[in-house]
1. Inspect all residues belonging to the stretch 94-109 and state whether any of them is at pLDDT 95 or above and among the basic types (Lys, Arg).
2. Conditions: (1) outside any helix (DSSP H, G or I); (2) surrounded by fewer than 19 Cβ atoms within 10 Å (Cβ to Cβ). Leu223 meets all but one. Number of the miss?
3. Out of all the residues in the stretch 94-110, which are in contact with an Asp or Glu (Cβ under 7 Å, 6 or more places away or on another chain) and either farther than 17 Å from Val261 by Cα or open to solvent by 10 Å² or more (accessible area, probe 1.4 Å) (or both)?
4. Among the hydrophobic types (A, V, I, L, M, F, W, C), modelled with pLDDT of 95 or more and surrounded by fewer than 17 Cβ atoms within 10 Å (Cβ to Cβ), is that true of Leu64?
5. With the requirement that a residue be of a type in the set (D, E, K, R), over 12 Å from the mean Cα position of the chain (by Cα) and closer than 16 Å to Val247 by Cα, what does the stretch 96-150 give you?
6. Report, by residue number, each residue of the stretch 165-181 that is more than 22 Å from the chain's Cα centre (by Cα) and in a loop (DSSP other than H, G, I, E, B).
7. Please indicate, with yes or no, whether at least one residue in the stretch 73-82 is closer than 17 Å to Ala257 by Cα and surrounded by fewer than 22 Cβ atoms within 10 Å (Cβ to Cβ).
8. Applying the selection to the stretch 18-61, what residues are in a strand (DSSP E or B) and either open to solvent by 10 Å² or more (accessible area, probe 1.4 Å) or of a type in the set (Phe, Trp, Tyr) (or both)?
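The values are calculated or read from the model by the stated rules, or taken from the named source; none is laboratory data. Worth saying up front: this structure is predicted, and the values here are computed from it rather than measured. Here the Cβ is made from the backbone with ideal geometry for all residues, glycine too, and neighbour counts use every protein chain on show. With ligands, DNA and RNA removed, areas are computed over all heavy atoms of the protein, side chains included. Shrake-Rupley method; radii C 1.70, N 1.55, O 1.52, S 1.80 Å.
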Amino acid sequence: MRERLRAVPVSGTHHKAAVLGSPIAHSLSPVLHRAAYDELGLAGREYGRFEVDEAALPGFLAGLDDAEWAGLSLTMPLKRAVIPLLDAISDTAASVEAVNTVVFTEDGRRLGDNTDIPGIQEALRERGVTSVESAAILGAGATASSALAALARICTGEVTVYVRSAARADEMRGWGERLGVVVRTAPWDEAAGAFDAPLVIATTPAGTTDALAAAVPARPGTLFDVLYEPWPTALAAAWSERGGAVVGGLDLLVHQAVLQVEQMTGCEKAPLAAMRKAGEAALAAR
């Protein structure tokens, strides 16, 4: 399957899209996608938001009219649960067993992709980070595996992952073997050691890295903190104060949404700037 999926042409009858997950009320996806539709002049396009958990997902998908739907964005806890319900998934999605994008094709197929991985890569590229000799990841959840997959494309050396349990350490080493990345794991109480790396990706929930802010060195490299609310995190603020480059969660959210818009509409280039501006405004209003 092509790595960059295309659902339907812009002029097609497939005009509906939505984000699914649980919880979902906080999602910025409707703001970003609707901003893209407005900028592209795609009148009649709809983008909704539905509270759907793993148990409800099969029934929700079964009730959709494929002639009307262009695509779905998926957040937790649906990224793996959706895979058996699809006709096929891209190599990118298969690499981490996670789908965050479903496109509906003219011939009635439902195809899964993962735009988080290239989204991470594009967000870093935008800040001038295209290759690093080593990197560190804080955390070992679902986002960490996507971060590791992105690092497989730009990191030439070892990736150190800081984890809280032996089970998580085993999981991340397993992902490293699968993705072709040399992974070393270290306990969370040594997490400040991550800051020696030229690139640090923080993938943990809000508040988890706050205690590490005081340990940021005088000359830090690049921090990619995947959170976007609250922003800046204590770690991101300390990083910026010391002159380090910071990539935030909104950067990731916008870049992965850009790829989704292109797949779900058939447009060659989604309006990154307009989508980012809409996201920033929505966050400021909260």
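1. No - not one qualifying residue is present in the stretch 94-109.
2. For Leu223, the failing item is (2).
3. Gly108, Arg109, Arg110
4. Details: among the hydrophobic types (A, V, I, L, M, F, W, C): yes; modelled with pLDDT of 95 or more: yes; surrounded by fewer than 17 Cβ atoms within 10 Å (Cβ to Cβ): yes.
Spelling it out, Leu64 is indeed among the hydrophobic types (A, V, I, L, M, F, W, C), modelled with pLDDT of 95 or more and surrounded by fewer than 17 Cβ atoms within 10 Å (Cβ to Cβ).
5. Residues of the stretch 96-150 that are of a type in the set (D, E, K, R), as a first pass: 97, 106-107, 109-110, 113, 116, 122, 125-127, 133.
Those left that are additionally over 12 Å from the mean Cα position of the chain (by Cα): 97, 106-107, 109-110, 125-127, 133.
Arg125, Glu126, Arg127, listed by residue number.
6. Initial filter on the stretch 165-181 (more than 22 Å from the chain's Cα centre (by Cα)): 165-167, 170.
Within the stretch 165-181, just Ser165 meets the criteria.
7. yes
8. Here is the first cut: in the stretch 18-61, the residues in a strand (DSSP E or B) are 18-21, 46-51.
Result: Glu46, Tyr47, Gly48, Arg49, Phe50, Glu51.
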